[in-house]
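Where a number appears in this text, it was derived from the coordinates with a stated rule and is not lab data. Computed from a predicted model, the values in this text were never measured in an experiment. Cβ placement follows ideal geometry from the backbone for every residue including glycine, while neighbour counts extend to all protein chains displayed.
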Amino acid sequence: MTAEGFFANPEVLQSLYGQVPDLTGVRIRSINLNWRGPTVTLRVDLPSFPGSAPQEWIDAGMDTVQCQFQFLAVENISLTDWAPPAVGVIEMAPWGREGRMQVSVSGSGVVLGFDCYESVSVRHVSAFRIQADGSDGGRHLFVSRVDARRHTSLPGTEEKTFYER
């Protein structure tokens, strides 16, 4: 099974890229561990900008797509390296009992692994112009109408409705 098969809502990425983009060369911006669920949420920059990006993104000079991947019913988590900025690959494979998968995130500055429910949610997809220092501050244009009404940039980490369920 390809990574695309694990996404509960791949259509948001498919509408931009034609398919779920390769998850190699992904910049891992944050790892949110939440005991409710238990849940792991990765905030990532995708490795390429879509060739058929919305005209609004092009007109605004955006060059990077960011989103969150949320994994539910997480078990056996291991985070042995976290030294951002981290760039790596996200791999997903069926594992153990029915309906479970194993997730591995590894690369420069990150080694993370866990088992979880066999479905990943794509959340808070946005475009932004990456800063000279690699940061993701500044204006974000969100795909979701709700996110677009609520945010023009990344909210602070205390904004639980953005970083949690």
What residues have an amide H closer than 5 Å to that of Ala86, excluding those fewer than 5 places away on the same chain, when H is modeled at 1.01 Å from N in the peptide plane? Ile28
Enter the Cα centre distance for the pair region 63-138 and region 13-51, rounded to the nearest angstrom. 6
So what does log10 I(q)/I(0) come out to for the chain at q = 0.14 Å⁻¹, using the Debye formula with one equal point on every Cα and no solvent? -0.71
Asp22 versus Asn34, label points 7 Å from Cα toward the beta carbon: distance in nm? 3.2
Could you compute the FRET efficiency for Ser52 and Arg145, with r as their C-beta to C-beta distance and R0 at 25 Å, rounded to 0.05? 0.80
Exposure proxy check: Ile90, Ile58 ranked by fewest other beta carbons within 10 Å? Ile58, Ile90
Explain nothing, just compute: Karplus ³J(HN,Hα) = 6.51 cos²θ - 1.76 cosθ + 1.60, θ = phi - 60°, for every residue of region 108-118 in order, whole Hz, x for Gly and Pro. 5, x, 8, 9, 9, x, 6, 10, 7, 4, 7
Test of understanding: ordering Val105, Val40, Val111 by Cβ neighbours within 10 Å, fewest first, what list do you get? Val111, Val40, Val105
Identify, among Phe142, Ile90, Gly25, the residue whose Cα sits farthest towards the positive end of the charge dipole of region 3-163, taking +1 on the Cβ of Lys and Arg and -1 on the Cβ of Asp and Glu, with the dipole about the Cα centre. Phe142
